[in-house]
1. Under 7 Å between Cβ atoms, which residue pairs at least 6 apart in sequence (or on different chains) link something in the range 45-56 that is closer than 15 Å to Gly84 by Cβ with a partner that is open to solvent by less than 30 Å² (accessible area, probe 1.4 Å) and part of a loop (DSSP other than H, G, I, E, B)?
2. Going by what's in this entry, would Ala8 be described as open to solvent by less than 10 Å² (accessible area, probe 1.4 Å), among the small types (Gly, Ala, Ser) and touching a residue at least 40 places away in the same chain (Cβ under 8 Å)?
3. Could you please let me know if Leu281 is part of a helix (DSSP H, G or I) and either in contact with a strand residue (DSSP E or B) (Cβ under 7 Å, 6 or more places away or on another chain) or at pLDDT 95 or above (or both)?
4. Please go through the range 230-241 and pick out each residue that is open to solvent by 10 Å² or more (accessible area, probe 1.4 Å) and either part of a loop (DSSP other than H, G, I, E, B) or among the aromatic types (Phe, Trp, Tyr) (or both).
5. Answer with yes or no whether Trp282 is buried (at least 24 other Cβ atoms within 10 Å of the Cβ), farther than 30 Å from Val189 by Cα, out of contact with any Ser or Thr (no Cβ under 9 Å at 6 or more places or on another chain) and hydrophobic (A, V, I, L, M, F, W, C).
6. What number of residues within the range 11-22 are without any contact (Cβ under 8 Å) to a residue 60 or more places away in the chain, assigned to a strand (DSSP E or B) and either touching a Ser or Thr at 6+ places or on another chain (Cβ under 9 Å) or closer than 24 Å to Glu331 by Cα (or both)?
7. Kindly indicate whether any position in the range 293-312 is among the aromatic types (Phe, Trp, Tyr), assigned to a strand (DSSP E or B) and either under 16 Å from the mean Cα position of the chain (by Cα) or more than 25 Å from Ala135 (Cα to Cα) (or both).
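The values are calculated or read from the model by the stated rules, or taken from the named source; none is laboratory data. Because the structure is predicted, anything quoted here is derived from the model rather than measured. Neighbour counts run over all protein chains shown; Cβ positions are idealised from the backbone, glycine included. To get the accessible areas, we keep the full protein, side chains included, count just its heavy atoms, and leave off ligands, DNA and RNA. Shrake-Rupley method; radii C 1.70, N 1.55, O 1.52, S 1.80 Å.
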Amino acid sequence: MREPHATASGIISESPLVLTDVITDEGIAGHSMVFTYTVAALEPTAGLIRSLEALLKGERVAPREIEHKLARRFRLLGTQGLVGMALAAVDMALWDALARRHNTSLIRLLGGVEKPLPAYGAVGYDGVSGSARVAEEWARRGFKGVKAKIGYPDLKEDLEVVRAIRAAVGDDVAIMVDYNQCLTPAEAVQRLLVLDDLGLTWVEEPTLAHDYEGHAFIAREVRTPIQCGENWWGTQDLRHALNAHASDHIMLDVMKIGGVTGWLRAASLAEAHAVRVSNHLWPEISAQLLSVTPTAHWLEYADWWNMIVSEPLRIENGMAIPSDRAGTGIEWNEEAISRCSA
């Protein structure tokens, strides 16, 4: 990482990626990337993806059909964790190949049109002065919002960080905060009742991601909207969370939700429940998907992987501008990839 990204749950200092190309018999290459969080998971994830080749060779480029086939194949093992990453890698690459075959963007392939999306930038667990400095930089670049990592040892420091950010960015920039699952439900309610008066756009993952009842309890007790979803695996997790009223908004991670196919199912569920949808990471493909998501909310912008893509997502006046080129918005920078390859 160019700059380590600190959170209340740990520091991300490197970004291990598995890049996948699916090659059709017409010579079209569909691209995708997945983020394994730890180097220890790189080779196992890559091995799982390679093992799927035998199941895919000779199949039509039909992502939904292949997704159903692979889901049946792994039903007993399960489609979360590293298996879920591998399946999402294949799904995203297949949709990219299909869009390229039709010489159109994923948005147009799915019947949508490109739409500018309000974007926010990320502020790490950087203390009062560091958080204010980074937030001010995002605001100076025109971003419409900033999201800060909090969950400091005491509430006083959480408050000082949020107030310093507000002073740095002014009243017209949205502020979100992310606890990265570091509180118990009771602790979260105690802190969030105080944060309620600060005009936050949302509070993200105040407690464990899969504690749906805990998040529902927090959401009932506080006024500030709760945001969850980046750590939910597939639409079954999403369905359980929605049924529990665990989150006011949802944040989809295209890798964990099941690739493009999983995102489309999730977006339909969100629309049926009138819940607004933002993304977690993967700004290029997420901009494509948010453009066809009826309840699209914010685009989370991260430049972590800009060096390995030849055309990173464009930001103009704080708005993300989805690519109108063929595919999902990913083109490799082969020279940079060769330098970074494990």
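1. Thr45/Thr36
2. Working: open to solvent by less than 10 Å² (accessible area, probe 1.4 Å): no; among the small types (Gly, Ala, Ser): yes; touching a residue at least 40 places away in the same chain (Cβ under 8 Å): yes.
In short, no.
3. Details: part of a helix (DSSP H, G or I): no; either in contact with a strand residue (DSSP E or B) (Cβ under 7 Å, 6 or more places away or on another chain) or at pLDDT 95 or above (or both): yes.
Answer is no for this residue.
4. Taking the range 230-241 as the starting set, the residues that turn out to be open to solvent by 10 Å² or more (accessible area, probe 1.4 Å) are 230-231, 233-237, 239-240.
Correct list: Glu230, Asn231, Trp233.
5. On the way: buried (at least 24 other Cβ atoms within 10 Å of the Cβ): yes; farther than 30 Å from Val189 by Cα: yes; out of contact with any Ser or Thr (no Cβ under 9 Å at 6 or more places or on another chain): yes; hydrophobic (A, V, I, L, M, F, W, C): yes.
When the stated conditions are applied, Trp282 passes them.
6. Final tally of qualifying residues: 0.
7. First pass over the range 293-312, keeping only residues among the aromatic types (Phe, Trp, Tyr): 298, 301, 304-305.
So of that shortlist, the ones also assigned to a strand (DSSP E or B) come out as 301.
Checking which are either under 16 Å from the mean Cα position of the chain (by Cα) or more than 25 Å from Ala135 (Cα to Cα) (or both) leaves us with 301.
Yes - at least one qualifying residue is present in the range 293-312.
Residue-by-condition table, conditions (1) in a loop (DSSP other than H, G, I, E, B); (2) touching a residue at least 40 places away in the same chain (Cβ under 8 Å); (3) under 30 Å from Ile308 (Cβ atoms):
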residue	(1), (2), (3)
Asn243	no, no, no
Leu264	no, yes, yes
Ser268	no, no, no
Val275	yes, no, no
